[in-house]
Amino acid sequence: MKKVRKTVQGKVVSDSMSKTLVVEAERLVRHPKYHKYMRKYTKYYAHDETEQAAVGDIVVLTMCRPLSKLKRWELKEIIRMAPRDNAPSPEEMARDEMTREFEEGKA
């Protein structure tokens with residue numbers, strides 16, 4: 001029987017260290033007196049062996065054995081990637097395609 005590991009979803013806020021990510025996870029906490037929901041953030045240090053995640057990516061982390069003083073998580077998967085190296089976003093590509101078709105129709 002395999003033990004189920006905890007998972008956390010968050011946004012990568014730093015990837016400047018070698019094979020290490022800093023991921024910020026958000027949770028909602030209800031104030032005990034005023035009953036208003038507040039956003040609380042927790043930073044997790046995670047191991048990224050292949051260094052495939054970058055700042056802005058939405059990732060899933062799983063708990064693992066302690067790898068260093070702070071690293072207790074490892075990268076499981078990247079849910080959504082942020083734009084990389086000034087590459088055009090899908091919206092920009094669609095807009096360029098439409099302008100190109102419009103100009104070809106005019107000419």
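Just so it is clear, none of the values below were taken in a lab; they were calculated from the coordinates. These numbers were taken from a predicted model, which means no experiment stands behind them. As a convention, Cβ positions derive from the backbone with ideal geometry for all residues, glycine included, and neighbour counts pool all protein chains shown.
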Item to complete: Round to the nearest 10 and give me the degree value, 0 to 90, for the angle of helix 90-106's Cα axis relative to the longest principal axis of the chain.
Response: 10 degrees
Worksheet item: Just how large is the dipole of the chain about the Cα centre, in debye to the nearest 20, putting +1 at every Lys and Arg Cβ and -1 at every Asp and Glu Cβ?
Response: 1520 debye
Worksheet item: Not counting the cut sites, what is the longest span of the chain without trypsin sites (Lys or Arg not before Pro) that DSSP labels loop and that have at most 13 other Cβ atoms within 10 Å?
Response: 37-68
Discussion item. What do you get for chymotrypsin sites (Phe, Trp or Tyr not before Pro) in segment 19-107 restricted to DSSP loop and a cutoff of at most 16 other Cβ within 10 Å of the site's Cβ?
Written reply: 34
Item to complete: Mind checking segment 17-107 for GluC sites (Glu not before Pro) that DSSP puts in a loop (not H, G, I, E or B) and that have at most 15 other Cβ atoms within 10 Å?
Response: 49, 51
Response to the item:
Expressed as a whole-number percentage, the relative contact order of segment 16-71 with C-alpha contacts under 8 angstrom and at least six residues apart is 35 percent
Worksheet item: Taking all pairs of different Cα atoms in the chain, averaging 1/r and flipping that mean, what Kirkwood radius in angstroms comes out?
Response: 16.6 Å
Practice prompt. Go through 35, 53, 17 and say which Cα lies farthest out towards the positive end of the charge dipole of segment 7-106; charges sit on Cβ, +1 for Lys and Arg, -1 for Asp and Glu.
Written response: 35
Worksheet item: So what is the relative contact order for the chain, in percent, with contacts set as C-alpha pairs under 8 Å and at least six apart?
Response: 23 percent
Discussion item. Quick query: amide H of residue 20 versus all other amide H atoms, modeled in the peptide plane; which residues come in under 5 Å with a sequence gap of 5 or more or a different chain?
Written reply: 48
